[in-house]
Amino acid sequence: MPLVFTLAFRNLFHDRLRLIATVIGIVFSIVLVTVQMGLYLGFGRMVTTMIDHASADLWIMPRGTKCFEDPSLLNTRERYRALLISGVTEVIPVVIGFADWRMSSGEMTPVFVIGSDLRYGGLEPWNLVEGRIEALSRPKAVAVDRTYFDRLGVSGIGSTAEIREQPVRVAAVTNGIRSFTTTPFVFLDVNRARTYTGVPSGKASYLLVRLSQDADRGRVRQEIVSNIADVEVLTPAEFRERSRKFWLFGTGAGAALFAGALLGVIVGTVVVAQTLYSSTKEHLTEFATLRAIGSSKRYIYKVIVWQALLSAAIGFSIAALIGNAIVRLTAATALPIVITPALLVGLFLLTVVMCVGSSIAAIVQVTRIDPATVFAR
Amino acid sequence: MTEPLLEAVDVAKDLGSGAAKVAALKGVTLSLKGGELTLLMGPSGSGKTTLLSILGCMLRPTEGTVRICGHPTAGAGPEDLALLRREHVGFVFQSFHLFPTLSATDNVRLALDVRGQPSRAARVMSREALAKVGLAHKTKAYPRELSGGEQQRVAIARAIVGNPSIILADEPTAALDGENGRAIMKILAEIAGEQGHAVLIVTHDPRLLPFADRVVHIEDGRITGEEPGGAKLPRLQ
Ligand SMILES: Nc1ncnc2c1ncn2[C@@H]1O[C@H](COP(=O)(O)OP(=O)(O)OP(=O)(O)O)[C@@H](O)[C@H]1O
Ligand SMILES: [Mg+2]
């Protein structure tokens with residue numbers, strides 16, 4: 001083992017209490033950043049679930065649509081114009097919107113209705129645990145998620161309720177289709193979705209376009225835009241990006257999460273800087289001795305930076321374990337915390353930068369060491 | 001006969017500033033030759049430590065010149081001085097200044113590590129240096145497991161392991177009892193005599209006189225006299 005490393009290691013473990021304080025500081029800071037960034041990623045993923053699960057090559061939407069939940073409407077007759085374009089195989093209307101759900105007990109709760117043409121299956125419920133998709137084409141049939149049973153006052157297939165004073169009946173049950181707005185999703189046929197949300201016939205929220213295998217997506221898109229007025233055509237990836245941007249930055253949610261992360265970094269830096277500084281101060285005669293026996297300043301910096309890196313490694317390992325537990329605990333909630341490999345690497349680099357940055361105060365301190373002090377006992 | 005390894009000419013040093021300014025050295029000329037053990041003696045506050053610090057390139061003189069192994073120190077920055085120290089000087093301190101968290105071997109190895117010596121070779125050399133000071137059996141011990149005399153021997157091993165031509169020691173025996181002090185002095189005398197190093201020892205202790213080739217007296221920042229040490233007298237050898 002290189003001696004600088006041994007020296008750093010021993011300096012660090014020499015004072016257990018300070019080491020614990022350092023590690024707690026790093027862990028607190030990194031866990032805070034992890035949660036904020038994990039929420040950011042989780043939120044970014046949640047706001048695009050519907051886009052992720054729709055089967056479409058292109059989305060036609062009213063010009064200026066900001067996100068999937070946007071209430072603006074387009075004309076369904078454009079559907080026929082789109083179908084005329086070569087390469088287009090299907091154009092499926094989708095209607096979304098808020099509605100009031102009245103339980104059999106008479107209690108009301110808002111729901112978010114998602115209606116799609118069930119013959120083509122543009123945006124159908126997924127993760128079915130009870131019932132079948134086909135059952136949704138029957139009158140009154142809706143699909144709801146198991147996690148919202150209590151909220152909706154239902155207990156499974158066969159339960160009934162009312163939306164806009166029209167009777168509905170649970171015909172299929174999904175698992176884990178959670179909404180970050182906490183408003184339960186209700187899947188059903190597109191025509192009944194219009195009735196329940198008050199969207200006039202001849203209108204829809206989106207038209208999902210499916211293309212033949214050999215179709216040129218760019219060309220089709222160009223043709224749709226030039227043939228149909230007041231619409232935008234986005235690929236799923238572009239629509240995801242737009243939705244994410246709106247929810248994360250249009251609403252300030254992203255800024256709040258970043259501010260939280262920044263706070264974590266500041267707290268961590270202050271704690272680590274403080275403990276490294278006091279550790280260095282305690283070992284000042286040793287550093288002066290090193291200097292007296294002729295070590296370069298670089299050699300001494302190496303000892304301090306190794307101390308910082310070791311603290312970073314210990315702190316990061318513990319923070320990663322805690323982060324992993326948080327991910328598992330929140331996996332089934334409406335807003336799961338998501339840690340991607342890239343985030344993990346980023347967090348590790350952040351920990352290292354934070355710890356090494358924190359050693360600057362300690363380093364400034366040792367640059368002022370006068371080696372001659374070693375003679376004064 | 002031989003060229004001096006260390007040469008100080010008209011060295012003056014002011015310490016402190018303003019009203020607290022003290023002229024610690026007032027024109028000292030001294031040279032050290034290889035193979036000689038020199039004692040520097042004088043009353044407390046006479047400037048012994050200050051002179052040692054200047055000779056060892058830890059402090060720069062306010063006036064005068066210092067040449068170490070032919071290199072003048074004038075104009076050298078802190079890093080240049082550190083380089084001169086690690087190449088030419090080994091230090092032994094009154095209070096040992098060992099690293100409490102490192103074993104004896106690693107304490108000695110530190111002097112090689114700061115020179116960038118690869119660790120394998122450095123470990124072997126460190127054990128050899130410890131054997132030279134009679135601590136072959138304590139290489140793994142930590143400072144707290146060693147007696148004062150043993151700790152000072154580790155410090156001497158650290159000072160000599162890099163084979164510097166100059167060894168400077170500030171009251172190396174002051175913290176030790178008579179017997180341990182004599183053992184340390186024997187080792188230092190051997191280093192001077194057998195290996196041709198220049199050894200300068202600051203001390204108050206007249207019991208060290210028999211080991212010296214040369215005794216230099218300092219008082220109030222000035223060299224006041226010089227005489228041959230006990231080692232030059234045949235009957236004491
Ligand atoms: N950092 C300093 N600032 C101001 N004056 C100092 C400083 N260090 C030493 N002195 C003064 O310089 C003079 C020489 O000090 P030095 O330490 O060289 O004496 P010394 O001979 O080693 O004494 P001792 O035998 O007590 O160790 C003393 O008068 C001392 O008070
Ligand atoms: Mg002194």
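The values are calculated or read from the model by the stated rules, or taken from the named source; none is laboratory data. Small disclaimer: the values here were computed from a predicted structure and weren't measured. All Cβ positions, glycine included, derive from the backbone under ideal geometry; neighbour counts span all protein chains shown. The accessibility values were calculated without ligands, DNA or RNA, using every heavy atom of the protein model including side chains. Shrake-Rupley method; radii C 1.70, N 1.55, O 1.52, S 1.80 Å.
Can you give the mean number of other chain Cβ atoms that lie within 10 Å of the Cβ atoms in peptide B:46-54? Write out the running numbers ahead of the final one.
Details: counts 0, 0, 1, 3, 2, 0, 2, 7, 1.
The mean count of partner-chain Cβ atoms within 10 Å per residue comes to 2.
For the peptide A:80-92, the mean number of other protein chain Cβ atoms found within 10 angstrom of a residue's Cβ is 0.
Quick check: net charge around residue B:229, other residues with Cβ under 11 Å of its Cβ, Lys/Arg +1 and Asp/Glu -1?
On the way: positive: B:214, B:232; negative: B:36, B:213, B:226, B:227.
Around residue B:229, the charge tally is -2.
For B:97, B:137, give the ranking by accessible area with the largest first, probe 1.4 Å. Walk me through the numbers on the way to the answer.
On the way: B:97 25, B:137 130 Å².
Largest accessible area first, the residues go B:137, B:97.
Report, in listed order, any pair from B:48/B:132; B:48/B:232; B:26/B:232 with a Cα-Cα distance greater than 25 Å. The pairs that break the limit, which is 25 Å between Cα atoms, are B:48/B:132; B:26/B:232. Averaged over the residues of peptide B:111-118, the number of Cβ atoms from other protein chains lying within 10 Å of each residue's Cβ is 4.
For the range A:58-234, what D do you get in µm² per second when you plug the Kirkwood radius from alpha-carbon pairs into Stokes-Einstein at 37 °C and 0.692 mPa s?
Estimated diffusion coefficient is 195 µm²/s.
Using the Cβ-Cβ distance between residue A:324 and residue A:267 with R0 set to 22 Å, the FRET efficiency works out to roughly 0.55. Within the straight-line cut-off of under 29 Å between alpha carbons, the lysines reachable from residue A:203 are A:66, A:140, A:245, sequence neighbours fewer than 8 places apart in one chain being disregarded. With the simple model of a label 7 Å out from the Cα in the direction of the Cβ, residue B:29 to residue A:181 spans 9.6 nm.
Mean shadow of the range A:171-257, computed from the convex hull of its alpha carbons, in nm²? It would help to have the intermediate numbers written out before the result.
On the way: hull surface 36.3 nm².
That works out to 9.1 nm².
Only Cα pairs under 8 Å and 6+ residues apart enter the sum, and on that basis the relative contact order of the range A:58-234 stands at 36 percent. Extending 7 Å from Cα along the Cβ direction at residue B:226 and again at residue B:186 yields two label points whose distance is 3.0 nm.
Quick one: compute the contact order of chain B, relative version, from alpha carbon pairs under 8 angstrom and 6+ residues apart, as a percent. Present the calculation step by step, with values, prior to reporting the outcome.
On the way: 504 pairs, mean separation 65.1, N = 237.
27 percent.
Can you tell me the FRET efficiency between residue B:9 and residue A:281 if r is taken as the Cβ-Cβ distance and R0 is 41 Å, rounded to the nearest 0.05? Intermediate results must be reported in sequence, preceding the final value.
Values: r = 39 Å, r/R0 = 0.95.
Once rounded, the FRET efficiency stands at 0.60.
Between residue A:222 and residue A:367, the simple spin-label model (points 7 angstrom out along Cα→Cβ) gives 6.0 nm. With an a/c value under 1.5 for the gyration tensor axes a ≥ b ≥ c computed over the alpha-carbon atoms, the range A:116-208 is described as rounded.
In a reduced charge model with +1 at each Lys and Arg Cβ and -1 at each Asp and Glu Cβ, the range A:58-234 shows a dipole moment near 200 debye about its Cα centre. Only one residue of B:17, B:121, B:198 has its Cα farthest out toward the positive end of the dipole of chain B, where Lys and Arg carry +1 and Asp and Glu -1 on Cβ, and that residue is B:121. Once the C-beta distance of residue A:150 and residue A:344 is scaled by a Förster radius of 45 Å, the resulting FRET efficiency is 0.80 to the nearest 0.05.
Convex hull volume of the Cα atoms in the range B:158-237, per residue, in Å³?
Hull volume over Cα atoms, normalised by residue count, gives 108 Å³.
With charges set only on the Cβ (+1 for Lys and Arg, -1 for Asp and Glu), what does the dipole of the protein assembly as shown come to about its Cα centre, in debye to the nearest 20?
Working: 65 positive and 54 negative charges, 133 e Å.
Dipole of the protein assembly as shown, to the nearest 20 debye: 640 debye.
For a modelled paramagnetic label at residue A:238, 7 Å from Cα along Cα-to-Cβ, the residues of the range A:33-66 in reach, with backbone nitrogen under 16 Å, are A:56-66. Our summary of shape: the Cα atoms of chain B have principal axis extents of 48, 46, 39 Å, ordered from largest down, in whole angstrom.
Computed over the alpha-carbon atoms, the range A:235-377 gives an Rg to Rh ratio of 1.18, Rh here being the Kirkwood radius from the mean inverse distance. Once you reduce the range B:148-194 and the range A:270-344 to the center of their Cα atoms, the two points are 40 Å from each other.
Along its first, second and third principal axes, ordered by size, chain A spans 95, 52, 32 Å in Cα coordinates.
Dipole orientation for the protein assembly as shown: of the candidates A:137, A:371, A:326, A:137 has the Cα lying most toward the positive pole (charges on Cβ; Lys, Arg +1; Asp, Glu -1).
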